[in-house]
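Down below is the structure, laid out as structure tokens.
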Amino acid sequence: MKNNKQQIAKNIYITSDEEIKEGDWVIFNELEIVKCIYSKNGEYLFSKPLLSSSNHHFSYFKKIILTTDQDLIKDGIQPIEVPLTYEGGEQ
């Protein structure tokens with residue numbers, strides 16, 4: 001029998017409740033990844049419009065501190081080192 005397993009690449013994001021500052025990458029509402037381009041007195045502007053919710057309360061934002069996302073790593077987020085191959089048993 002032919003094995004038709006499909007692999008979908010996913011990135012890992014480790015987040016923090018640290019204060020969000022200009023230049024930080026954040027996850028909003030556990031759905032959208034955006035860069036903070038302005039931060040002052042609890043007011044924020046992001047690199048693109050937030051689409052997943054009209055409620056932009058700061059508690060829905062989590063600062064990304066580690067990732068496997070190569071685009072964010074190129075922009076200064078610390079990488080998570082992960083093995084490139086899986087050497088375990090059947091998945």
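Structure data summary
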quantity	calculated
Failed condition for SER59, given (1) at pLDDT 95 or above; (2) out of contact with any helix residue (DSSP H, G or I) (no Cβ under 8 Å at 6 or more places or on another chain)	(1)
Residue count, region 5-51 (criterion: within 15 Å of ASP71 (Cα to Cα), crowded, with 16+ Cβ neighbours inside 10 Å and of a type in the set (Val, Ile, Thr))	4
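The values are calculated or read from the model by the stated rules, or taken from the named source; none is laboratory data. Source: prediction; values computed, not measured. Methodologically, a virtual Cβ is constructed for each residue, glycine included, from the backbone with ideal geometry; neighbour enumeration extends over all protein chains shown.
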